[in-house]
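> What follows is a structure written as structure tokens; I'll ask about it next.
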Amino acid sequence: MAMAGRLGRWLRAGRASRCGSGGASGSSSGKSSEQGWRRPLRHSARPACAAALPAVLACQYLDGRRSYCEGGSSSSRGSSIIRFRVDVDRPGLLSEATEVLKKQQVNIRDARISTEEGSKRATHIYFVEESGETARGGLSEERLAEVRAALTQLASGSCEAEPWPVFSSEEVAKHQTPSNGIWVSYKDGVYDITDFVQNHPGGKDKIMLAAGKAIDPFWRIYQQHTGRGNALELLESMRIGDLSDPPDTTRTASDPYDSDPERHPGLIFHNNKPCNAELPSELMMDSWLTPNPVWFIRHHHPVPEVNPEDFRLCIEGVGTKAVTLCLEDLKKRFLKREVVATLQCGGNRRSELDQIEKTSGIPWGFGAMSTAQWGGVYLREVLQHCAGLSHENVEAFDVKHVIFKGMDGMEASIPIEKALSPYGDVLLAYEMNGEALPNEHGAPVRVIVPGVVGVRNVKWLGRVVASTEEAEGPWQRGLAYKGFSPMVKELQGIDVEKIPSMHELPVQSAIVSPKPGSVTELDDLEVKGFAWSGGGRGIVRVDVSIDEGKTWITAELADGKDQCYNRAWAWTFWEASVPVPAELQGKEFTVLCRAVDSAYSTQPERPEPLWNLRGLNCNCWHRVPVRHQE
Ligand code: HEM
């Protein structure tokens, strides 16, 4: 299965595999590395370096410890690349060949296949080394002869091998531009990321910081790459060789997450570095306001430590008088305002989309949302009364966005209409549920933008900038919070910046009880859950069904049902008592819910049409399988 996955990705990606001139690392040949680049595998599996080989070697094993390519390095650690060219490819051949290699006790590091358009020919490519603790390295001539004999019995064709390329960091550093190829190293591997750069969920600018360099120090900060998800797998599919001088990992650099706060063990942790943890369903409806210690956490970086006494908030930008405020200024010069608001991550319920096809992001259940009473000052009052951003200035200077810059490196913006609206309730918050804002949640001051996707609610706020442009960076302009059609599987040819960034979220609801797999003996099933919608749209109704939507019971709305029209920033709890009809007694069935908001928008039935590359905005009917026992 794993192999099939890799294969699928490789073929879908349709990318060119490029390889330097067979280990030109630090070579004195002076040969430019482009000369050694491979053409796209899909059309030709023959590398330029192999093409330069004497014909007699073309179907022979090339000793992994030697390079036959001009400018070759002698520092190869001896893995081999076996190319098995078959005249007529057939389904299952890759698995059969893999089995043969395994039986020959060859360790397969990676396997790929490239097909020739309009032909049945294909090239199976195996990145292999001798297996066994002590015997790591390329295959000996005898061993390769055995492997070749075994492989060529499977199908007619030819089989050849070449050394696994080895590059120095000096060579990697020469590849920093699309024209020259963008290479990075990670541990002892070298990767060609040229075609991936524009598809990077963390944005092109971030990944380009590592162009030509080792990504290890970057990934120590962004540990979501290694903790979970598919980043390592993606990276491996782009491997083009080994690094001859990998960074010394025995010297432990200080961990940027050492000073992160202690966390409540009841949270469901998806990552720790940076921390991404969800509110467990068991605690979700204990109280309408989520207790601070179990509030969901969505971080992008280590938690910065800011001494409240040293805190300064800079407000600046077009049409604005630059001002700097300390915490006391905010507390004393402005009226304290309180807003109850639910925040939801744009990727909440992503795990349901992942079941259709893996997306890229944290596989949240439905707990990437929580509610608090926030205390602070209205952003609009600070902007208008203190920084002089009048409506006239907005017009005159064409101010369109307000950008928030966090001290952790986050940056996001909201439209000026929301920032200045007297009904928008955007807050510079220094309190959470009656306590000083915890460090975990952005102390001393964070932004609360009610009704809007969580990522705009920037924590550890340092600067507020009135601007004619949206914020820069992956979380605003990049693909991280952009929605695509289910048909979009890669971003070649798509100008991501032109796609509007996410702000208000669609109507959402989920069943908190019963839990999936519950068994009930009662004639009436007690169902409860929450519902919420973006843009302050309150919940007007929640429907519950246990017969796949043929009939529905209207739930009783509870906490949160009486919020202001179009300022219903917090979730609404609901409950329903659903009679189990005779035909479902003693059977398994699914409990469904769907909410309707004040715009009479409702949740879509199926997840499939919602699937998108980043797994955002999953709000289909929530489904919980249960069993009735007589
Ligand atoms: C070179 C290979 C790289 C690959 C294959 C890769 C892959 C990914 C993937 C799959 C994600 C989505 C993670 C998730 O949300 O689950 C991601 C996010 C991200 N990446 Fe990378 N990445 C690479 C390099 C880098 C580098 C060098 C940097 C920093 C300089 C970086 C910074 C980020 C950031 C900031 C995010 C967004 C994290 C967030 O929003 O929490 N990445 N990357």
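The values are calculated or read from the model by the stated rules, or taken from the named source; none is laboratory data. None of these values were measured; they are calculated from a predicted model. With ideal geometry, Cβ positions are generated from the backbone for all residues, glycine too; neighbour counts draw on all protein chains shown. Each accessible area value is taken on the protein alone, full model and side chains, heavy atoms only, with ligands, DNA and RNA left out. Shrake-Rupley method; radii C 1.70, N 1.55, O 1.52, S 1.80 Å.
> Enumerate the calculated ³J(HN,Hα) couplings along segment 517-527 in order (Karplus 6.51 cos²θ - 1.76 cosθ + 1.60, θ = phi - 60°), each rounded to whole Hz, writing x wherever the residue is Gly or Pro.
For segment 517-527, the Karplus-derived couplings read x, 5, 10, 10, 10, 7, 7, 10, 8, 8, 10 Hz, x marking Gly and Pro.
> For V580, list long-range residues whose amide hydrogen, built 1.01 Å from N in the peptide plane, is under 5 Å from its own amide hydrogen.
D524, L525
> Based on the Cα gyration tensor of segment 124-266, what are the three equivalent ellipsoid semi-axes, each the root of five times an eigenvalue, rounded to whole Å and given largest first?
In descending order, the three semi-axes are 34, 20, 16 Å.
> Check which residues have an amide H placed less than 5 Å from G189's amide H, if you skip close sequence neighbours.
Here L243 satisfy the definition.
> List the lysines whose alpha-carbon lies under 27 Å from that of K336, not counting same-chain residues fewer than 8 positions away?
Cross-link targets: K321, K400, K405, K418, K459, K561.
> Write down the Å³ per residue value for the convex hull defined by the alpha carbon atoms of the chain.
Dividing the Cα hull volume of the chain by its residues yields 192 Å³.
> Ok, one more. Between C564 and L232, what length comes free when the chain is fully extended (0.36 nm per residue of separation minus the Cα-Cα distance, one decimal in nm)?
On the way: separation 332, 0.36 × 332 = 119.52 nm, distance 4.67 nm.
My answer for the length gained is 114.9 nm.
> Pop a pseudo-label 7 angstrom from the Cα along the beta-carbon direction at both R541 and E146 and give the gap in nm to one decimal.
About 7.3 nm, to one decimal.
> Where does segment 508-628 land on Rg(C-alpha)/(2.2 N^0.38 Å)? All intermediate terms of the calculation are to be shown ahead of the outcome.
Numbers: Rg = 14.7 Å, N = 121, 2.2 N^0.38 = 13.6 Å.
After normalising by residue count via 2.2 N^0.38 Å, the value is 1.08.
> R220: net charge of surrounding residues, Cβ under 9 Å, Lys/Arg +1, Asp/Glu -1, itself excluded?
Values: positive: K273; negative: D216, D255.
My count for the surroundings of R220 gives -1.
> Further question on the same structure: Determine, for each peptide in 102-113, 397-408, 472-483, 575-586, the mean count of other beta carbons within 10 angstrom over its residues, then list the peptides with the highest first.
Values: 102-113: 16.8, 397-408: 20.2, 472-483: 22.2, 575-586: 14.5.
With the highest mean Cβ count within 10 Å placed first, the list reads 472-483, 397-408, 102-113, 575-586.
> Sort all Cα-Cα distances of segment 313-498 into consecutive 10 angstrom bins from zero, then give the percent of pairs in each bin up to the one containing the longest distance.
9, 35, 33, 17, 6, 0
> Whole-Hz Karplus ³J(HN,Hα) for segment 606-613, in order, using 6.51 cos²θ - 1.76 cosθ + 1.60 and θ = phi - 60°, x for Gly and Pro?
10, x, 3, x, 8, 3, 8, 3
> Once you keep just the Cα pairs under 8 angstrom separated by 6 or more residues, what percentage relative contact order results for the chain? The partial results should precede the final answer.
Working: 1514 pairs, mean separation 63.9, N = 630.
The normalised contact order for the chain reaches 10 percent.
> Based on the Cβ-Cβ distance of D523 and E556, what FRET efficiency does E = 1/(1 + (r/R0)^6) give at R0 = 25 Å, to the nearest 0.05?
E between D523 and E556, to the nearest 0.05, is 0.85.
> Starting from the Cα of K187, step 7 Å along the direction of its Cβ; do the same at D255; then give the gap between the two resulting points in nm.
The modelled label-to-label distance comes out at 1.8 nm.
> Given a Förster distance of 56 Å, report the FRET efficiency between R333 and E357 from their Cβ-Cβ distance, rounded to the nearest 0.05.
Working: r = 52 Å, r/R0 = 0.93.
It comes to 0.60.
> Anything over 32 Å Cα to Cα? Flag those among K273/K358; K331/K498; K102/K204; K489/K587; K206/K358, in the order listed. The partial results should precede the final answer.
Working: K273/K358 22 Å; K331/K498 39 Å; K102/K204 39 Å; K489/K587 39 Å; K206/K358 23 Å.
Result: K331/K498; K102/K204; K489/K587 exceed 32 Å.
> Of all the C-alpha pairs in segment 97-205, what % are more than 21 Å from each other? Before the final figure, lay out each step's value.
Values: 3086 of 5886 pairs.
For segment 97-205, the share of Cα pairs beyond 21 Å comes to 52 percent.
> Still on this structure: Considering only W460, I221, F84, whose Cα is most displaced toward the positive end of the charge dipole of the chain, charges sitting on Cβ of Lys, Arg (+1) and Asp, Glu (-1)?
Farthest towards the positive pole: F84.
> Using a 1.4 Å probe, what is the accessible area per residue for segment 189-286, in Å²?
Numbers: 4520 Å² over 98 residues.
About 46 Å² of surface per residue is accessible.
> Could you calculate the FRET efficiency of E395 with S95 from 1/(1 + (r/R0)^6), where r is the beta carbon distance between them and R0 is 51 Å, rounded to 0.05? Please list the in-between numbers first.
Numbers: r = 66 Å, r/R0 = 1.30.
For E395 and S95, the calculated efficiency is 0.15.
> Now, a different point. For S485 and C314, compute 0.36 nm times the residue count separating them, minus their Cα-Cα distance, and round to one decimal in nm.
On the way: separation 171, 0.36 × 171 = 61.56 nm, distance 3.88 nm.
Computed gain between S485 and C314 is 57.7 nm.
> Counting only other residues whose beta carbon sits under 14 Å from that of V100, what net charge do I get with K and R as +1, D and E as -1? Each step should come with its number before you reach the end.
Working: positive: K102, K103, R143, R148; negative: E96, E99, E146.
Neighbour charge sum, excluding V100 itself: +1.
> What whole-number value in Å² describes the accessible area per residue of segment 489-630 for a 1.4 Å probe?
Result: 46 Å² of accessible area for each residue.
> Still on this model: 5 Å is the cut-off here: which amide hydrogens, built 1.01 Å from N in the peptide plane, fall below it relative to M407, excluding neighbours closer than 5 in sequence?
Placed amide hydrogens put L461, G462 under 5 Å from M407.
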